[in-house]
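The values are calculated or read from the model by the stated rules, or taken from the named source; none is laboratory data. Predicted model, so just to flag it, every value in this text is computed and none were measured. Because the Cβ atoms are built from the backbone with ideal geometry, glycine has one as well, and the counts that use them run over all protein chains shown. Side chains are part of the model used for accessible areas, which takes the heavy atoms of the whole protein and leaves out ligands, DNA and RNA. Shrake-Rupley method; radii C 1.70, N 1.55, O 1.52, S 1.80 Å.
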Amino acid sequence: MSTKKKPYFPMFVDLSDKKVLVFGAGTIAKRRIRSLSAFTDHLTVIAPEVNRELLNMEHDGILTILKKKYQPEDIPGADLVIAATNDHQTNNEIYSVCKSLGITVNVCSDKDKCDFYFPGIVSKDNLVIGITASGSNHKAAREASDKIRALFSGEK
């Protein structure tokens, strides 16, 4: 059997009724939140401080904000968790709790602690295309996403 790590399998998941938690509200967290908001009606952001963009999203009914620090009791009942805080130890604890509960988790700061990677997303109506380099080459995935996005914008 080969010891070379295989690429990630592209799987599209219905998140519309799934409870999705994002811990953190910084730059990376906001990118994840923007992506996820198009796919679920049950998105909760947990962070002590959030910016105007996220407050506006909450006002528009796109997500719920809990202005507080992470606590282990926040996680049970979640279907998908994103750990994107600016504290490595907190992200590791979120990962450990999720793994012990069998909850799918992505730690933005550690590709080895991700059950899944965020793809580059290109969408138009109900057509959704996800592009990934299995966490190894973000630049290549971004370039491919940009090329596909350009094809859509030039569509006739």
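List of remarks:
- Within segment 136-149, residues that are farther than 14 Å from Tyr117 by Cβ and free of Cβ contacts under 8 Å to residues at least 24 places away in the same chain reach no partner that is open to solvent by 90 Å² or more (accessible area, probe 1.4 Å) and among the hydroxyl-bearing types (Ser, Thr, Tyr) with beta carbons closer than 7 Å at six or more positions or on different chains.
- For segment 108-131, the criterion of being out of contact with any Asp or Glu (no Cβ under 7 Å at 6 or more places or on another chain), modelled with pLDDT of 95 or more and β-branched (Val, Ile, Thr) is met by no residue.
- Evaluation of Ser123 against the conditions (1) part of a strand (DSSP E or B); (2) open to solvent by 70 Å² or more (accessible area, probe 1.4 Å); (3) in contact with a helix residue (DSSP H, G or I) (Cβ under 8 Å, 6 or more places away or on another chain); (4) not charged (D, E, K, R) shows that the sole unmet condition is (3).
- When Glu93 is tested against the conditions (1) surrounded by 13 or more Cβ atoms within 10 Å (Cβ to Cβ); (2) under 16 Å from the mean Cα position of the chain (by Cα), the lone failure is (2).
- Cβ-Cβ under 6 Å pairs, at least 6 apart or on other chains, segment 37-60 side over 23 Å from Ile121 (Cα atoms), far side modelled with pLDDT of 95 or more and crowded, with 20+ Cβ neighbours inside 10 Å: Ile46/Phe23; Ala47/Gly24; Ala47/Ala25; Val50/Ala25
- For the residues Ile75, Ile82, Ile46, Ile33, the requirement of being on the phi < 0 side of the Ramachandran plot, crowded, with 19+ Cβ neighbours inside 10 Å and in contact with an Asp or Glu (Cβ under 8 Å, 6 or more places away or on another chain) singles out Ile46.
- Scanning segment 96-112 for residues that are touching a helix residue (DSSP H, G or I) at 6+ places or on another chain (Cβ under 7 Å) and open to solvent by 60 Å² or more (accessible area, probe 1.4 Å) gives a single hit, Ser109.
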